[in-house]
Structures are given as C-alpha cells and as structure tokens.
1. What is the extension gain from A:Thr356 to A:Tyr169, computed as 0.36 nm multiplied by their sequence separation minus the C-alpha to C-alpha distance, in nm to one decimal?
2. For segment A:200-273, count the residues as N, evaluate 2.2 N^0.38 Å, and divide the Cα radius of gyration by that value, please.
3. First measure r as the distance between the Cβ atoms of A:Gln477 and A:Asn346, then evaluate 1/(1 + (r/R0)^6) with R0 = 60 Å and state the FRET efficiency to the nearest 0.05.
4. How shielded is B:74-84 by partner chains, expressed as the average number of their Cβ atoms within 10 Å of its Cβ atoms?
5. Per residue, how much accessible area does segment A:64-103 have with a 1.4 Å probe, in Å²?
6. Please sort A:276-289, A:526-539, A:420-433, A:74-87 by packing, taking for each peptide the average over its residues of neighbouring beta carbons within 10 angstrom, highest first.
7. Could you grab the relative contact order for chain A? Cα pairs under 8 Å, six or more apart, rounded to a whole percent.
8. So which lysines pass the test for B:Lys153, namely a Cα distance under 22 Å, with those fewer than 8 places away in the same chain ruled out?
Amino acid sequence: MTGAEIVFKVLEDQNVRHIFGYPGGAVLPIYDELKNHKKIQHILVRHEQGAGHAAEGYARSSGKPGVLLVTSGPGATNAVTALTDAYMDSIPLVCITGQVPTHLIGTDAFQECDTTGITRPCTKHNWLVKDVNKLSSIMHKAFEVATTGRPGPVLVDIPKDIQFAKGKYIKPKEKNNGNVNIKFNSNDNDINSVLELIKKSSKPIFYTGGGVINSGPKATEFLRELVSLTGFPITSTLQGLGAYPGNDPQFLGMLGMHGTYEANNAMHDCDLMINIGARFDDRITGKIDEFSPKSKKIHIDIDPSSINKNVKVDLAVVGDVKIVLEKVVSAIKKKDPNFANSNKQNIAAWWDLIETWRKKNSLGYKNSNEVIKPQFAVQRLYELTKAQDTFITTEVGQHQMWAAQHYKFNKPNRWMTSGGLGTMGYGLPAAIGVQVANPDKLVIDIAGEASVLMTMQEMSTATQYNLPIKIFILNNQWMGMVRQWQELLHEQNYSESYTAALPDFVKLAEAYGCVGIRANKPAELDSKIAEMLAVNKPVIFDCVVDKVENCYPMIPSGKPHNQMLLGSQDEEEKISDEGKVLV
Amino acid sequence: MVKSAYSFATKKEKIENHIIVVWVDNESGVLARVVGLFSGRGYNIDSLAVAEVDKKKNISRITISTSGTPQVLEQIKLQLGKLIPVHKVANFPANKKTLLREMALIKIVSAKTQLVKAKKLCKKYKYTVIDSTKKSYVFEVSALKKDIDQLLKKLQPLGLASVSRTGVVAMTKGSETFK
C-alpha cells in the first residue's frame, strides 16, 4: 500500500466522510488517490484558512473531528490561523499537510516551510512522518489526540516521497470510546464536597462554558437536570450557549464583557460559583483582583492546567463534564431528591435580588422606525427562524455580541463562533462546514461587513457544492467594535476603522452565483428575511443598519463585574425604561 | 479608565526558584516543544540540561531551572504534562531538600604563579585538572551554581580565559525516586 493509500485507509477506518482541502504540488499523490475512495467527499475551498474554519464548523456542529488536507509551504501557513482558532476554542481538527520530499527538507526547497515548527504552538501535537511504516499509527494517534481529553487540533506533515512509498497499514487499536485519557481524575469525596457546598450556599450560580458542549449531548442533559434539581441560576460563556435553553427563566443570559447585568452581578455577589467547563477567560472575569470576591469556587474541567490558571478555586474536580455531572446528579437524586423544593426558601432572597437586576433590562435598546437597529435585526431573525432547527455561525465583533445576546439557543452544537482567538472571517467558512455536516438544516452566518470580506471567496465554495448558507450581514460600514473602543477609549479618534469603498453585496452575491438581498428599512426587514429563507441557494443578505450603534451592556476595561456600563450616559438620560424595547 | 482590553493584576506574589525535571520520549523536536512552551507562555529558563537516560525505553531527562510565583510554577508543571511526548514532570524546590549539581570546565591561561593560585582556589571544591600545559590549566569543577559563580569571580584576575557550564541537574535525596 502506498503512503497515499494508507492516508485514505486511515480516514475510512476513522469514519471520515468529508474533508476540506486545496491541492498543491506536495500533496498531489494523496489527491491522486481521492478518486478511489467514493465514501469520502472532498470539499474544495478557495483558501486554506477557509478549509480550517469549515472543518471547525463541521466539528462543532457534528461532534466529529474536522479534517483538512492542504499542501506544503503556503498551504500550511494559510491554515495556521484556523489551527490556532481551533486550539483556543478546543475544537478537534486533523490537518494533513504535504511536505517537500524528505531529501529536500532543510534545503529551502520550493514551497518548503518548517510546518511542524510553525504549528507546534497552535496544535495539541504534530508529527513529521519520516517512515511510511509509521504513517498509519501516527495518523490513528492523531485522531486519538485530537478527540480525547480537551479536544484540539493536530497536524500530520507527510513528505511527498512518503506518500509514494510502499508501506504496511496497521489497524487502529481497540476503538476508543470518548475520553480515554481523562475520564475522572478526582475522587468521590470531591463529589460529596460539591454537594456540601451546594447545600450550604444561599447565593449560588452555575457558570458554564464550551466544555459542556465538547463533552457531548449527555453532558447537556445532565446539566439541565442538575439546574432543575437545584433551582440555582445559571449563566453561560459565549462558547457554552445552547447547553442550557436560552429562554428558560433560570438562565440569566451570557456573562462577561458584553454579558447581561444580572449575570455579571450574580457572578460578583454570589457565595458559590460552580464553573463547569469554562476557563476564567479575561473577557469573563474583568478585573481579576476583584473577581467574585465573596464566593467559594468549584471548577469542573477536563484539563488540569485550566485549574488555578487565572483564578484560584476552592475545589477542583478534574474530569469529563458528563461523567462528573452524572455523579453529582445521581448523588443529589439519591441523597436529597427534593432538594430544589426544600432549599427554595434558602435562595429566595438571592432570586429576588437577581430579579431586581433583571428589571434593568440590560439588553434593551432604543428602536427606530427609520433605521434598522442591529439588535432588532438579530431579534427578528431569531423570531423568524426559531421554529426551525437553526445553526448560527458568526464573525467577530459587535454583530457577534448582538447575536450572542439576542439569539436564544435551546440546543447544543447550534452556535459556532470564534471566541478565544476572535478570528474575523471565521463565520462564512464555518457555515460551509456546518452545512456540509447538516445538509438539510438552516445555516446562517450572522456577519459584519468587515469580517466577512476576509473570507468572502468561500461563497464560491458554497455555490459549487449547492450549500444554501445564509450570510446575514449587519452592515454598518465600520469595524464596529473597533469604532466603539475608539469612541469610548481613544477620544473618538476613528483611526482606520471606516471601510470606504465597500462592495455592493447584492451584486457580489450575484457574481458568485448566489442570491443577493438588501434591507434598508425596519418595515421591510421581515419580508426580506422571509425572502431569504425561501431561497434554496446561498444568500448574501445586506442588512443596512445604524452606523453608530454601540454594543451594551459592557464591562469597561479594567473594571470588575459590578461596574457595568448599561449604555452611553447620554442615552441613559434620554431613554426611559419604557422607551427601551423589551427583549 | 485603563486604555486596554485587559486588566492588570495588582497583587504581587513571591517569586520562587524551582527545578523542573521532565522525562520525555527522545525524539526529534521534543526539546523545541518543551522550550517553546516556556517562551510562548512567558516562563523563565535560568538553565537547561538534557540527555538520554534510558536507551532501552528511549527516555531523555530534561532539567530546567526556573523561577516564578507558586501559581506559575504549578502551571508550568501542568502545561508540560499535557505535551504528548512527556511521561512525567517533577517540581523540586531549589534548596537543601534537593541534590543539585552543575559542572563547569574552566580554562585559565597565565603565568606559573597565577596558575598555582588558581589551583588553590579550586581546592575548596571538587575539582580535577583535566588538561595542563606550562601556560594553562583546564579544571573540571562540580558544585552548586552559586559556588561556581563565586569561584569564577575569584578566578577572573588570575587569567580566566574560557568557561563552559552544563546547567544544573537535580535528584531527590535518600532512597526515594520520583514516580
């Protein structure tokens, strides 16, 4: 069997159905072999970064690892942003790169780069294959590393001569079921300690993150059961949205820099914080020295290095979220099945306090009949798509935060956004990956006009494979979040944040063989969205929104959770609570 | 208002010196992974010593002298533990509880009287003369880092021509080994 054949044999044995890629000199033997493997569909992207983000979207919406195949040199370097993105957000990717033949490595050969060197800090692990007989075991190991423990990207660099060379194929060892590396590294006493803390608390909060989603659908089920068994409030990070229903009364909305007033104040004032699969990121904690000063903190995480990294915790439970939560849920059920009711009085005052925060309606905004407010656009999009099983991706910036605030998710794996790295240009290719994994579902990229131009070329991919993704651009002609920061922190010096000479997105859509729709006025928004949803083709929706709307609420830089800005002071004075649109 | 997207920690914690010992698969790129982790995350490396210690199992032992707050030292250990070729990580305090040694090769080039003086200075430490001519000596000295630092300072006026140091290596005391 040749190296190229071994590559496909591994992919088949790993049940890979789709790969995203772009051919080039150093991977031609693998591309040559593609024709013999009808079970595997190759999606040709227009740029290797697009392949990476598409693979990420595929992985996040399907729970399976995403696979990309690119060539050496620029193929590999173009994929670096996507690999780093996947590393930050713990997304399982397997990246296969071609490399110049072994005898040319180190000679500055054409399209040579030190791929394993460049990708070492942005992968969980990478391999340069120097012996064809090790290729199959390395590749199987690559899948194992990507998908077990805290998931993440891996890379296998295969020189061209290895792709041609004949070698032995070795079958994978016993099929691994989920997280073999780390299932549960704490002991049952820790579970009892969790229970004790839960019982003692009068101001508790669950703070959940992407780890719940990564742990799989079971984790989501246990989380919902736990929240119901305790009656405690719950907030979620950007990445954790969907693990708990967004419209449930116990859900306080997202927390963090653009989180709700009630979620952030509850985090600040709580006496017990139960962190489940989140990592105390700086967008979440705000000023770290004043972060939740009065609380006992429990941290449940599969990655021991996440414990005590940013915030010291009182009790760490290292393990897969679904296994830990299952233990906690069954312990409560066994010892105190009626806990939520019997404990109701104990946390009643806490809930009352939360309700007073909620009344601030921190996601409110002043709507307009003249110009489409971006928040309103997301709300209408939500109302008109919530009846379907909808998948949302985003780019990065204001629109991303508005999407997170105003689109309510009820299921996991429906929300794909670049959180850790904050990669503009993520959403469009990610939507492609999501649509490939979920061919009959509605997939929408809530985008900003600046971000989406970074990977716009992938519309061509969408057209080629008849992927009816909807690119819903909140077009304010500014790099909105940059503009907002310049307004608030840099004396309104709007340095280079305005995009002059934007393309006509409707014509651009047509040029790509897609459908272009534009909405200018609030009154026409619903009918235009309906028009978009009725099209079974890729659509670019140019939603022309207010140019200077800012994203609130906001924890200003260097401030703790309880010092949020709810709106610009100017607006605060002018707008009565009644004037704000209810969410 | 702080003009940054990030907050700054205002609490200062005590910096401690520690020896991190890492057992790794002896494969290409492994040292780059370990060292890259340190530079990428802003950890310090004061010295580094690495060699294969188990040929059969293909294991190398990397000894890193580092400094940081207790929280950072714990992070270093946990982050190293996540690297695929890493088998185990030990964190020894850099004090009397740990056996520590560094070896130095020291070349003195000078007149006879100076050479004799130099040799006298070395007597305080475990040393061997591994090369000698009429004009020069090469000493091999094995001692603690701070002792070698001191010795070198004293040898400076006596014609210290060249120094090569290994970086510290470490081992637990007594019959115990690190599992």
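1. Result for the pair: 60.9 nm of gain on full extension.
2. Scaled against compact globular proteins, the figure is 1.02.
3. Details: r = 52 Å, r/R0 = 0.87.
Computed FRET efficiency for A:Gln477 and A:Asn346: 0.70.
4. Counting Cβ atoms of other protein chains within 10 Å of each residue's Cβ and averaging gives 4.
5. On a per-residue basis, 22 Å².
6. A:420-433, A:74-87, A:276-289, A:526-539
7. Once normalised by length, the contact order is 14 percent.
8. Straight-distance partners of B:Lys153: B:Lys107, B:Lys112, B:Lys117, B:Lys119, B:Lys120, B:Lys123, B:Lys124, B:Lys126, B:Lys135, B:Lys145.
The values are calculated or read from the model by the stated rules, or taken from the named source; none is laboratory data. Being a predicted model, the structure only gives us computed values, none of them experimental. So basically every Cβ, Gly included, is an ideal-geometry build from the backbone, and we count neighbours across all protein chains shown. Quick note on the areas: whole protein, heavy atoms, side chains included, nothing else; ligands and nucleic acids left out. Shrake-Rupley method; radii C 1.70, N 1.55, O 1.52, S 1.80 Å.
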